[in-house]
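Trainee: What follows is a structure written as structure tokens; I'll ask about it next.
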Amino acid sequence: MTGLWTRDFLLFFIARFASLLGDVMLPVAITAAVIEAGYGAEGVGYALAAQVAPFAALLIFGGVLSDRFGARRLMVIADAARLVCQGALALLFLLGRPELWQILALMALTGAGGAVFQPGVASVTPRIARDVQKANATLGVAQSVTTVVGPSLAGLLLAFASPGWVVACDGATFAVSGVCLLMVRSVSMTGAGGGAAKSLRLDLIEGWREFRARTWLWSVIVLWMVLQLSSWGPTLTLGYSTLVTDHGASVFGLIMSAFGVGNVLGGLVALRLRPEYPLRAATLAVSVYVLMPLAVAVGLSASLVAVCFAIGGAGLAFWSVMFHTSVQTLIPQHVLGRVHAYDAAGSLVMLPVGQAIAAPVAVVLGTVPVLVTAAGMGLVVCALLLAVPAVRNLRRADG
């Protein structure tokens, strides 16, 4: 691990940890702030959707900008923009009761900033780390820790301060991230695209061509879309709501903490295990996540459900490290931001659909059959991934 922790990687790690912490604190802070403002659960839904929609819609364009003008530059600009938006939102809450449209507009701008920021993560990581897999595993562990710590920290702050101040604290994480990224020296602020050498349309076409040319990549994304629609979306919606109904909110929180611990363990395994065929190993690992919907469906005790969620979290974390390392080491640097944006957008696009249709389908078929089907579809998708030679036989590219 010694060779990984250069000065620049340490700065990048701090930047990512701060940014991720802000990401997981924001939903808690906004939920409390919007409810206190009197807009209820409906207003919370609008506010969170207002952030997610621009992120999903603009992510591909963020990849183009990242490749053209420089990943680090765009990440710093995005952090600055999100700092301003979160600061304005916090000020509105602290001064009184903001209009709902003001909340939605600022949340949408925050989401747009995230779309500009995210492609740079994939571009900067392989340029700043001597060992890309260890870097991704380390960053994955940091992300897992924030998912456990962030909501609790936001809840603790809400016990002592108004929601407006918690939103302000969330915004401060973007300041930490931006300053650390400004101090990085091994990655240039300029992009590989030479400014405005090409039109936006040609940049998008070039990124799509590079994405489509790799069977292993588009196969993973297509099958991941099926997974999100038929398995992960229903697990998040029906699985989580069933746990709250059956065991209570506090026990559900403990189960999700077990999931976070599993994420950390999966990342730690990925620090050491270096399979020659990374996606083959990752697919076998991620298949264990089907224990999550299955455990809820068969009505296991809370302790056994927590164990299943920990195992599933470990498998998902290991998959994430192996897949992102493959993308970052096999895609040319000058198109990496765009290709990553295409794969990220494709990975996310079917999740809200899966979440939206899960409840209506469960009304007709029942919750247990839908969750069992979700587990079965998880295994089907993993089997299909292993059946694709380009996925199964992809060799690792980094040293």
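The values are calculated or read from the model by the stated rules, or taken from the named source; none is laboratory data. Keep in mind it's a predicted model, so treat the numbers as computed, not measured. Quick reminder, even Gly has a Cβ in these numbers, built from the backbone with ideal geometry, and neighbours come from all protein chains shown. Each accessible area value is taken on the protein alone, full model and side chains, heavy atoms only, with ligands, DNA and RNA left out. Shrake-Rupley method; radii C 1.70, N 1.55, O 1.52, S 1.80 Å.
Trainee: Looking at region 119-165, which of its residues are within 24 Å of residue 95 (Cα to Cα) and either open to solvent by 30 Å² or more (accessible area, probe 1.4 Å) or in contact with a Phe, Trp or Tyr (Cβ under 9 Å, 6 or more places away or on another chain) (or both)?
Mentor: Start the filter on region 119-165 by keeping residues that are within 24 Å of residue 95 (Cα to Cα), which leaves 153-165.
Once the filter is applied, which keeps residues that are within 24 Å of residue 95 (Cα to Cα) and either open to solvent by 30 Å² or more (accessible area, probe 1.4 Å) or in contact with a Phe, Trp or Tyr (Cβ under 9 Å, 6 or more places away or on another chain) (or both), region 119-165 yields 153, 155, 156, 157, 158, 159, 160, 161, 162, 163, 164, 165.
Trainee: Wholly within region 343-395, which helices (runs of 4 or more DSSP H) include no fewer than the required count, namely at least 2 residues that are touching a Pro at 6+ places or on another chain (Cβ under 9 Å), within 16 Å of residue 294 (Cα to Cα) and of a type outside the set (Asp, Glu)?
Mentor: 351-365, 367-387
Trainee: Just give me the residues in region 355-380 being surrounded by fewer than 17 Cβ atoms within 10 Å (Cβ to Cβ) and of a type outside the set (Val, Ile, Thr), in sequence order.
Mentor: Answer for region 355-380, where residues must be surrounded by fewer than 17 Cβ atoms within 10 Å (Cβ to Cβ) and of a type outside the set (Val, Ile, Thr): 356, 359, 360, 365, 366, 369, 376, 379.
Trainee: Among the candidates 217, 271, single out the residue that is in contact with a helix residue (DSSP H, G or I) (Cβ under 9 Å, 6 or more places away or on another chain), open to solvent by less than 60 Å² (accessible area, probe 1.4 Å), modelled with pLDDT under 90 and within 17 Å of residue 325 (Cα to Cα).
Mentor: Answer to the check: 271.
Trainee: Which residues, counting only those in region 231-260, are open to solvent by 30 Å² or more (accessible area, probe 1.4 Å) and either at pLDDT 90 or above or within 30 Å of residue 338 (Cβ to Cβ) (or both)?
Mentor: Correct list: 232, 236.
Trainee: Then there is this: For region 2-22, name all the residues that are more than 18 Å from residue 113 (Cα to Cα), in a helix (DSSP H, G or I) and not hydrophobic (A, V, I, L, M, F, W, C).
Mentor: Passing the criteria: 7, 8.
Trainee: Please verify whether region 43-65 includes one or more residues that are in contact with a Pro (Cβ under 8 Å, 6 or more places away or on another chain), open to solvent by less than 10 Å² (accessible area, probe 1.4 Å), in contact (Cβ under 8 Å) with a residue 24 or more places away in the chain and among the aliphatic types (A, V, I, L, M).
Mentor: yes
Trainee: Mind counting the residues in region 156-202 that are modelled with pLDDT of 80 or more and not in a loop (DSSP other than H, G, I, E, B)?
Mentor: Going through region 156-202, the residues modelled with pLDDT of 80 or more turn out to be 156-187, 202.
Within this subset, residues satisfying the condition of being not in a loop (DSSP other than H, G, I, E, B) are 156-160, 163-183, 202.
Counting residues in region 156-202 that are modelled with pLDDT of 80 or more and not in a loop (DSSP other than H, G, I, E, B) gives 27.
Trainee: When you check residue 286 against the structure, is it open to solvent by 60 Å² or more (accessible area, probe 1.4 Å) and either touching a Ser or Thr at 6+ places or on another chain (Cβ under 6 Å) or among the hydrophobic types (A, V, I, L, M, F, W, C) (or both), yes or no?
Mentor: On the way: open to solvent by 60 Å² or more (accessible area, probe 1.4 Å): no; either touching a Ser or Thr at 6+ places or on another chain (Cβ under 6 Å) or among the hydrophobic types (A, V, I, L, M, F, W, C) (or both): yes.
So residue 286 fails the test.
Trainee: Out of 33, 90, 81, 37, report the one residue that is within 23 Å of the chain's Cα centre (by Cα) and of a type in the set (A, V, I, L, M).
Mentor: From the options 33, 90, 81, 37, the qualifying one is 81.
Trainee: Further question: Tell me yes or no: at least one residue of region 32-40 is surrounded by fewer than 17 Cβ atoms within 10 Å (Cβ to Cβ), farther than 24 Å from residue 77 by Cβ, among the charged types (D, E, K, R) and at pLDDT below 80. Full working, then the answer.
Mentor: Taking region 32-40 and keeping what is surrounded by fewer than 17 Cβ atoms within 10 Å (Cβ to Cβ), we get 35-36, 38, 40.
Then drop every residue that is not farther than 24 Å from residue 77 by Cβ, which leaves 35-36, 38, 40.
Going one step further and asking which of them are among the charged types (D, E, K, R), we end up with 36.
Right, trim to at pLDDT below 80 and you get none.
Within region 32-40 (the criterion being surrounded by fewer than 17 Cβ atoms within 10 Å (Cβ to Cβ), farther than 24 Å from residue 77 by Cβ, among the charged types (D, E, K, R) and at pLDDT below 80), the answer is no, since none of the residues qualifies.
Trainee: Moving on to the next point. Check off (1) at pLDDT 85 or above; (2) farther than 26 Å from residue 181 by Cα; (3) charged (D, E, K, R) for residue 79 and give me the number that stays unchecked.
Mentor: Condition (2) is where residue 79 drops out.
Trainee: Starting from residues that are outside any helix (DSSP H, G or I) and in contact (Cβ under 8 Å) with a residue 60 or more places away in the chain, keep the ones in region 76-109 and report whichever is surrounded by the fewest Cβ atoms within 10 Å (Cβ to Cβ).
Mentor: Step one: list which residues in region 76-109 are outside any helix (DSSP H, G or I), which gives 96-99.
Next, from what is left, pick out any that are in contact (Cβ under 8 Å) with a residue 60 or more places away in the chain: 97-98.
Working: 97: 11, 98: 20.
Ranking the qualifying residues of region 76-109, first place goes to 97.
Trainee: Scan region 37-94 for residues that are touching a Ser or Thr at 6+ places or on another chain (Cβ under 8 Å) and more than 21 Å from residue 174 (Cα to Cα) and jot them down.
Mentor: 44, 67
Trainee: Would you confirm, using the coordinates I've provided, whether residue 50 is closer than 18 Å to residue 342 by Cβ, in a helix (DSSP H, G or I), under 22 Å from the mean Cα position of the chain (by Cα) and not β-branched (Val, Ile, Thr)? Please lay out each step first, then the result.
Mentor: Details: closer than 18 Å to residue 342 by Cβ: no; in a helix (DSSP H, G or I): yes; under 22 Å from the mean Cα position of the chain (by Cα): yes; not β-branched (Val, Ile, Thr): yes.
Against the criterion (closer than 18 Å to residue 342 by Cβ, in a helix (DSSP H, G or I), under 22 Å from the mean Cα position of the chain (by Cα) and not β-branched (Val, Ile, Thr)), residue 50 does not qualify.
Trainee: For region 203-227, how many residues are assigned to a helix (DSSP H, G or I) and either under 10 Å from residue 343 (Cα atoms) or hydrophobic (A, V, I, L, M, F, W, C) (or both)?
Mentor: At the first step, the residues of region 203-227 found to be assigned to a helix (DSSP H, G or I) are 203-212, 215-227.
Subset that is either under 10 Å from residue 343 (Cα atoms) or hydrophobic (A, V, I, L, M, F, W, C) (or both): 204-205, 208, 211, 216-218, 220-227.
The total comes to 15.
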